[in-house]
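Below: the structure, in structure tokens.
The values are calculated or read from the model by the stated rules, or taken from the named source; none is laboratory data. For clarity, every value in this text was computed on a predicted model and none was experimentally measured. Cβ coordinates were reconstructed from backbone atoms using ideal geometry, including for glycine residues, and neighbour counts include every protein chain displayed.
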Amino acid sequence: MSVDYRTVEDQTLLAHIINRRAEALSVLYDRYGRLLYSVAYHLVGNQQLAEEITLDVFRRVWDKAASYRADRASVRTWLTSMTRNRAIDMLRREGVRPEHNSISWADLTIEPSADGHSPETAVAHQMQKQRIHAALAELPEEQQEVLLLAFFNGYSHSQIADQLEMPLGTVKTRIRLGMQKLKLVLQP
Amino acid sequence: MSSETHVTEQLAAYALNLLADDEAAQVAAHLATCAACQAELDAYQEVTSLLTLATPTVLPPANLKTRLMQEIKANDDVQETAVPTNPRQPINWRGWFRKRPLWQPALALALIILLISNFQLRQQLDDTRTPANFGTITLSSETSAEATGLIIISGDGEYGTLVVQNLPQLPETQAYQLWLIKDGQRTSGGLFNVSEDGYLARIIYSPEPLAHYPNFGITIEPAEGSPGPTGNKVLGN
């Protein structure tokens, strides 16, 4: 009897990946490839680099799925954290300062995504997106502004302070307050 | 750990990867031993991940998945067929050996080497594991009882942080250089100086996952660094 990987949970997919089932990785890519590529692309602003980052993350999953800690994070959080960290490390290691990103919170999509998730998961994601929009809309504009630069440009505290010509302490406070509020609203 | 030393106020920025290297290194060092802050960080990372869900979609090139799967399948230990139940058939070792008599001495030797190295590895892990599943390697000095260092390696073996204390601050013409040592080869892990009180914490950037390097050393080099160690070793394991 063979497994229909498309129907199994993310964590179970990782267990099959540990057992070197390529098809399980293929399904994981179907579920998260677009998301991770989009996250990388918006950070580095370059198609080739975004491809490299995406491939690197999935290679890492293939080689190190056993290092995933289910008690610490969802598979999605594990993958997106790796992607963001890879992209930001690349920007800083190369000494590249991305151009000011023209994206705004209003551009964030609430459209359903046509990825490899089950209909139930797709609905859950859709509801989460709506909650994210509502949570962001509740933030004061100055907190939205600094979080935008942190989230989509991968700027450091000091780069945000330079960009907005604002004291470093103010940037740190606004980031912290914004994230605290999002945590409060978005956490189950 | 006392509340005075918690890094709660920096965790949101840490989750967003906003901190400068030295700040991030200090937070990482604290997280290695503080389950409360680690749990708080996990919550911020979940928030960050939720935000990514709403990222406007950019479609990757159609061949990206093909490239990935071709790379993976080039690896010869891929299992093409999924077998959900009883995936491993019991092996008849006696029959296996009977069919392969010439392999027996080599296999026996390999088995002995594996057992010894496994024992040594287990001893190292017992010495170095911390509650948050980080690995740590202690660096010491042969010439100073006070100078010490610590390398904290992430749970997946990828990343690490160097922390040193009680080293003398160097003049501008010199720098400490960290060496990542594997198979006798020394790769630079970066240059640094310590603060006035002899302390430094910084992220280590390495060409390979940090756990691939069993040994580390720190020497005093010219300020621009050296391709290989030339000065006296001040810390090592």
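Things to note:
- Residue within the range A:72-92 that is of a type in the set (Asp, Glu) and within 18 Å of B:THR66 (Cα to Cα) present: no
- Residue ID - modelled with the lowest pLDDT, chosen from residues in the range B:72-91 that are at the interface with chain A (Cβ under 7 Å from one of its Cβ atoms), over 21 Å from A:THR7 (Cβ atoms) and surrounded by 10 or more Cβ atoms within 10 Å (Cβ to Cβ): B:VAL78
- Top-ranked residue in the range A:24-48 [being aromatic (Phe, Trp, Tyr) and within 8 Å of chain B (Cβ to nearest Cβ); ranked as farthest from B:LYS65 (Cα to Cα)]: A:TYR41
- When B:GLU221 is tested against (1) more than 22 Å from the chain's Cα centre (by Cα); (2) not in a strand (DSSP E or B), just one condition goes unmet, and that condition is (2).
- Filter pass, A:TRP105 being at pLDDT below 95, among the hydrophobic types (A, V, I, L, M, F, W, C) and outside the structural domain of A:LEU139 (by TED's automatic domain parsing): yes
- Annotation note: of B:ALA223, B:ALA145, B:ALA201, the sole residue that is in contact with a Pro (Cβ under 9 Å, 6 or more places away or on another chain) and over 26 Å from A:ASP56 (Cβ atoms) is B:ALA223.
- Filtered residues of the range A:25-78 (kept if basic (Lys, Arg) and in a helix (DSSP H, G or I)): A:ARG31, A:ARG34, A:ARG59, A:ARG60, A:LYS64, A:ARG76
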